[in-house]
Every structure is written in C-alpha cells, then in structure tokens.
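Please treat every number below as a calculation from the coordinates, not as lab data. Because the structure is predicted, anything quoted here is derived from the model rather than measured. Don't worry about glycine lacking a Cβ; one is built from the backbone with ideal geometry, like all the others, and counts go over all protein chains shown.
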Amino acid sequence: MCKIHALSVPRAKAPFEKTTIERRELRPDDVLIDIKYCGICHSDIHNAYDEWGGGMFPMVPGHEMAGVVTAVGPKVTKFAVGDRVGVGCFVDSCGECEYCLRGEEQFCTKGVVLSYNSLDYDGNPTYGGYSQKIVVKEDFVVLIPDALDLDVASPLLCAGITTYSPLKKWSAGPGKKVAIVGMGGLGHLAVQFAHAMGAEVTVLSQSLNKKDEARSLGADHYFATSDPATFSALASRFDLILNTVSSNLDMDAYLSMLRVDGTLVNVGAPSQPDKYNVFSLIMHRRSIAGSLVGGIRETQEMLDFSAQHGIAPKIEIIRADQVDEAYGRVLRSDVRYRFVIDMATL
C-alpha cells in the first residue's frame, strides 16, 4: 500500500480536511499516476453534500484527473513513465458484458466502478482525484494530447465527454439546429463541440449576461429564457436541445421548441423529478432522453477532437485550501466556467 495526502469530507456537508489515504500496490496491468490537476464538477458537490443519497464517508471526490505516469505494471502496454494521461468518472468494469465489449463501460451490467464514492470489485471504497496519486488499470486511462495543457484537459474528462457524447449520438452536425440550455461548466463546452461539429448553435440562458462569451465560443444565436417571448419565437425550431443545467425546468416550454422528431437530451441532474405533458411528445413525435458520460474509447476520441479543433474549457485554478470556497461559488454560479485544483498545493 502507498500512503498519500488527500482532501476528504468526513460527513455530508462537512468542510474538507487534509488527510491520508492508501492506494494499492501496482498490479500487472496498473498505472501509477501523479495527479497534477483535478477539476471540480457539480456532481462532486451533490455527492459531498449527499444530495443524491448513498454517500460513502469519508469521501475523497474528484473524477477529472490529469497527471503524469510515474510507474507501470509489467503487463502494461499502452502507457510508459512520463506519459501525460487522464482518468475520468470510472476506474473499472467487468470487461465482458455487451456494453463493455462495445466500449460503453459506463453501462456495465455488473456495475461500473466509479472513481470515488463507490466500491471496487474487492469491496474496497474508491477515492477520487482530490489527492496526490492514483493507481488505475491501464484500460481506464486515456492519453492527453500534447496540444492540451494538463490543467485545461482535466474538466474535459467529465464535462467534456458528458457533452460530446450526446451531441455525437444525436448527430449534431451540418444542417442541424442545436440548442444548448445553460451557459455554465457543461454548456460552454457543449457550444464549442456543437459548433465544431458543424451545427447551427443557439444558447438558451436565463439572462443575456453571457451573450458575448457564447458568441466567441461559436454560438450563432443567444436567447434569454427569462423572457416569455423566447419560447414563442423559437417554437418548433430545434432538432436537438441539450439541457446542461441541474435545476428543474418548465419541460413543456422547452419541449415546445422541438421540431417533429426532435429530442431533448438531459445531462444535468436536478435533485427533484421533472414533470411534463406527454401530449407534447405524442402530437409531434418528440422525445426526451438522457445521457451519461462516454466510454473510454469515446473519451479518447473527444480529447483528440478537442486538440484538433482547439476546444478547451475556461478555467480558474485554485489551491487545495480553497475547495470549500469554490463549492460555495459554484452554487452561486460565480465561476466562468470550471474550477481546477492545483494538486501541488495539497
């Protein structure tokens, strides 16, 4: 076992504490990574506050890890010491079910092992990226292209793949009208991906405060959802609406903006159920869908796509002793657009 420093919360909503955790010794197919940066995801807050239930404490959050390989097991073939790598939302799966075999490990029928707040297949709790090092099976590590700085790459490992995957699956591209709901940590990346894929991109945000930034990231149009006229002006307009916000919406109002055969895809996760009128779906053959993250192959594809098209999150780097403050600022929407922890400050 290797003892390392980490940030943990001892119980729900408690302040972070500097503590020590153990990482396992290298197995033959394992990679040891020095974590240089770890992004803060809104789901970290949901988990640390136990808003979704099932919190396992003490908890070390973090699933947007970017770092450097410092050791490899004897059977590792994909990585070498010195490689720039990342680890995202999960660290193991069965590798045998239909979903694992087609590269969608996130839907593993045995149950994917999450990077934190989870149990591995030996029954041990997993600890995430708010820590100095991590040991991971090589099949769950991705290579970060040289064109992406490590600090910028870290949020792509969750926020990036969370938005890239549904845009790809629902065929955002030339000739498609795509709306992005929310111009936050997820939304500002979704705008960049949809634009790079060739879609006509509209941002739907509560106010016009971020209009200029949205335009600079590739948005063609921008509307304030606080204005009731927005929904009538955009009636039956979009092929795809990607909802990135974590609060409940007037779903019927947003569904009214879909064309026939249009789809509203949710990647934000509100703590309360949404409600909608099913006739809005039936009468126009509209769909409501959800999307998780992508598998390992798609995550690598997303990183390569980001490097090729110059896609990067806008980040604010913080010290390890600023995480509690950062959580509060995320809840106040006081960040543009992702916090990234410099793990050298731990």
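Structural remarks
- Dipole magnitude for the chain: computed about the Cα centre from +1 point charges on Lys and Arg Cβ and -1 point charges on Asp and Glu Cβ, it is near 500 debye.
- Rg then Dmax, both in Å and based on the Cα atoms of region 90-194: 15.9, 49.
- Highest-first arrangement of 10-21, 31-42, 272-283, 99-110, where packing means the average Cβ count within 10 Å: 31-42, 99-110, 10-21, 272-283
- Mean sequence separation of contacting Cα pairs (under 8 Å, at least six apart), scaled by the length of the chain, corresponds to a relative contact order of 18 percent.
- Separation of region 1-34 from region 53-77 is 8 Å, based on Cα centroids.
- Scattering curve values for region 85-132, log₁₀ I(q)/I(0), Debye with Cα scatterers, q = 0.21 Å⁻¹: -0.70
- Degrees separating the helix 159-169 axis from the principal Cα axis of the chain, which is the longest one: 50 degrees
- Of interest is the spacing of the C-alpha centroids, which for region 205-263 and region 85-104 amounts to 33 Å.
- Residue (of HIS46, ALA307, SER287) at the positive-pole extreme of the chain, dipole from beta-carbon charges: SER287
- Cα-derived Rg over Rh, computed across region 1-152 with Rh taken as Kirkwood radius: 0.95
- Spin-label model distance (nm) - ALA253 vs VAL68, 7 Å beyond Cα toward Cβ: 5.0 nm
- Electrostatic bookkeeping for LYS168 treats Lys and Arg as +1 and Asp and Glu as -1; over the other residues with beta carbon under 10 Å from its beta carbon, the sum is -1.
- Extension gain (nm, one decimal) between LEU26 and ASN124, 0.36 nm per residue minus Cα-Cα: 33.7 nm
- The gain in end-to-end length when the ASP324 to LEU101 segment is fully stretched comes to 76.3 nm, 0.36 nm per residue minus the alpha carbon separation.
- Only one residue of ALA233, VAL136, MET65 has its Cα farthest out toward the positive end of the dipole of the chain, where Lys and Arg carry +1 and Asp and Glu -1 on Cβ, and that residue is ALA233.
- Here region 160-290 is treated with +1 on each Lys and Arg Cβ and -1 on each Asp and Glu Cβ, and its dipole about the Cα centre works out to around 280 debye.
- For SER232 and MET1, the FRET efficiency from 1/(1 + (r/R0)^6), where r spans their Cβ atoms and R0 equals 56 Å, is about 0.35.
- What the Kirkwood sum gives for the chain is a hydrodynamic radius of 20.6 Å, with every pair of different alpha carbons counted.
- Length-normalised contact order for region 160-290 - Cα pairs under 8 Å, 6+ apart - percent: 21 percent
- Computed from Cα atoms alone, the Kirkwood hydrodynamic radius reported for region 160-290 is 14.3 Å.
- Applied to region 59-67, the Karplus parametrisation 6.51 cos²θ - 1.76 cosθ + 1.60 on θ = phi - 60° returns per-residue 3J(HN,Hα) values of 10, 10, x, x, 9, 10, 9, 10, x Hz, with x for Gly and Pro.
- Positive-end ranking of LEU150, ALA190, TYR121 along the dipole of region 68-226, with charges on Cβ about the Cα centre, is headed by ALA190.
- Label-point separation in nm, LEU143 to GLN308, each point 7 Å along Cα→Cβ: 1.5 nm
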